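Below is one structure; the comments refer to it alone.
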Amino acid sequence: MKKRVVVTGMGAISPIGLDVQTMWQAMKAGEHGFCEIDAFDTGAYKAKIAGQIKDFDPAAYMQKREYSRMDRYCQFAIAAAMEAAEQAGLEQSGIDPERLGVCVGTGVGGIGTTEREVTKLNEKGPNRINMLLVPMMISNMAAGNIAIKYGAKAECIAVVTACATGTQSIGEAYRQIKFGLADMMICGGSEAAITPVSVAGFIQITALSLQTDPDRASIPFDKRRDGFVMGEGAGILVLEELEHAKKRGANILGEIVGYGSTCDAYHMTAPDPQGDGGARAMKLAMRDAGVDRVEYINAHGTSTPYNDKTETLAIKAALGKQAYNTPVSSTKSVTGHMLGAAGAVEAIACIKAIEEGFVPPTAGYREADAECDLDYVPNTGRKAEIKTALSNSLGFGGHNATLAFGKYEV
């Protein structure tokens, strides 16, 4: 028998807030977190704007002995997990550690650590490399450290599917519970890729916005969009089997009702020009949820010319005529593209949207594009009754993932 899967905890570290509520208030208001990069010298860089997190202090979450052994992406993941775990009451007695699992991924992993150690290697030789380089740089260590912290002894998974990572991590965790393999899962994504090599690499594939005005850098679906703004941070959810949550008196925030995942099998970085893979992911999520319409879509909406155009096609293919009556917004207009963490913070946005009956806006939208002709909720959010919301993530390599969220009903 398939199980119902609910959300009992959420945590976030983002460019617009170091907790869920602060982040959500900024999303609702359309207040972005962009500025000129000051983490390194961008004098020779064409792209200079990012969604940096400047006021994060790992010492507020853990001892120096712990955080000094972690890359920044892992520190973000632990901090977000702590907020989610506290809300879910994860440390209360009676939770079976062998039925508690983890599925937390990253798109890039410990690239900041890797860059620093490569510099050290070139300047000082191999014997000066940090003895903890390997566990600090590998992509499974956020999941591993969260499992250690909370004694999670069920399956521990680290999804790496580029920009679809956060959404697929939640989707795979959902399936673990749905099919009875776990009672609870800590899941989501984390990223800290605002580094010299990473930024340079994304510039070279013409993915980043070259705007110098932070207000015009991340403008999804706007005709003048020219690329995404890189963000950083983490989003973590605690998922739980419904009866398990009810038995221990957990506060239920929302329900995951569907998940779909596909591959374009088309190109390393470009989406299928017809949006076929994204459309199929949405259809699969809706079929899993048992619905033929939704009241809100949190779009992948990266602010790149190709993504926004093809995602619009995908939404039309999935929803048909209903696409024109469905609010679609991109919260990347305020957070930037948080890569492997993006889908996780956008999942949180969907749950909050359902909970409060409020659709967050697409900020910075000024000029309509004939190829992007849906209702993108420009600049000002709106009240709406939302029974089902979709969250889309589309990643390099052709990875497509969609989650369907519903209002929890007994």
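Here are the numbers for this structure:
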{"read-out": "Within segment 119-139, tally of residues that are in contact with a helix residue (DSSP H, G or I) (Cβ under 6 Å, 6 or more places away or on another chain) and of a type in the set (D, E, K, R)", "value": "2"}
{"read-out": "Segment 257-280, residues that are at negative phi, surrounded by 21 or more Cβ atoms within 10 Å (Cβ to Cβ) and outside any strand (DSSP E or B)", "value": "264, 271, 272, 277, 278, 279, 280"}
{"read-out": "Residue in segment 145-188 that is nearest to residue 78 (Cα to Cα), counting only those that are assigned to a helix (DSSP H, G or I) and among the polar types (S, T, N, Q)", "value": "145"}
{"read-out": "Residues of segment 7-31 that turn out to be more than 13 Å from residue 87 (Cα to Cα) and either buried (at least 24 other Cβ atoms within 10 Å of the Cβ) or assigned by TED's automatic domain parsing to the domain that holds residue 341 (or both), as a count", "value": "7"}
{"read-out": "Qualifying residues in segment 24-74 (those that are touching a residue at least 60 places away in the same chain (Cβ under 8 Å) and within 23 Å of residue 146 (Cα to Cα)) - the one nearest to the chain's Cα centre (by Cα)", "value": "73"}
{"read-out": "Residue satisfying all of: in segment 323-337; more than 12 Å from residue 231 (Cβ to Cβ) and among the β-branched types (Val, Ile, Thr); surrounded by the most Cβ atoms within 10 Å (Cβ to Cβ) among these", "value": "328"}
{"read-out": "Residue 170 being hydrophobic (A, V, I, L, M, F, W, C), assigned by TED's automatic domain parsing to the domain that holds residue 248 and surrounded by fewer than 24 Cβ atoms within 10 Å (Cβ to Cβ)", "value": "no"}
{"read-out": "So residue 272, is it among the charged types (D, E, K, R), over 26 Å from residue 2 (Cα atoms) and either touching a helix residue (DSSP H, G or I) at 6+ places or on another chain (Cβ under 9 Å) or at pLDDT 95 or above (or both)", "value": "yes"}
{"read-out": "Selected residue (only one of 340, 320, 290 is under 17 Å from residue 261 (Cα atoms) and surrounded by fewer than 18 Cβ atoms within 10 Å (Cβ to Cβ))", "value": "290"}
{"read-out": "Odd one out for residue 191, checked against (1) surrounded by fewer than 24 Cβ atoms within 10 Å (Cβ to Cβ); (2) in contact with a Gly (Cβ under 6 Å, 6 or more places away or on another chain); (3) of a type in the set (Asp, Glu)", "value": "(1)"}
{"read-out": "Residue in segment 85-106 that is in contact (Cβ under 8 Å) with a residue 60 or more places away in the chain and of a type in the set (Asp, Glu) present", "value": "yes"}
{"read-out": "Residues satisfying the stated conditions in segment 297-314, i.e. buried (at least 24 other Cβ atoms within 10 Å of the Cβ), touching a helix residue (DSSP H, G or I) at 6+ places or on another chain (Cβ under 9 Å) and part of a helix (DSSP H, G or I)", "value": "310, 311, 314"}
{"read-out": "Residue match in segment 355-377 (condition: in a loop (DSSP other than H, G, I, E, B), under 23 Å from residue 187 (Cα atoms) and of a type in the set (Gly, Ala, Ser))", "value": "no"}
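The values are calculated or read from the model by the stated rules, or taken from the named source; none is laboratory data. All values reported here derive from a predicted model rather than from experimental measurement. Virtual Cβ from ideal backbone geometry, glycine too; neighbours counted across all protein chains shown.
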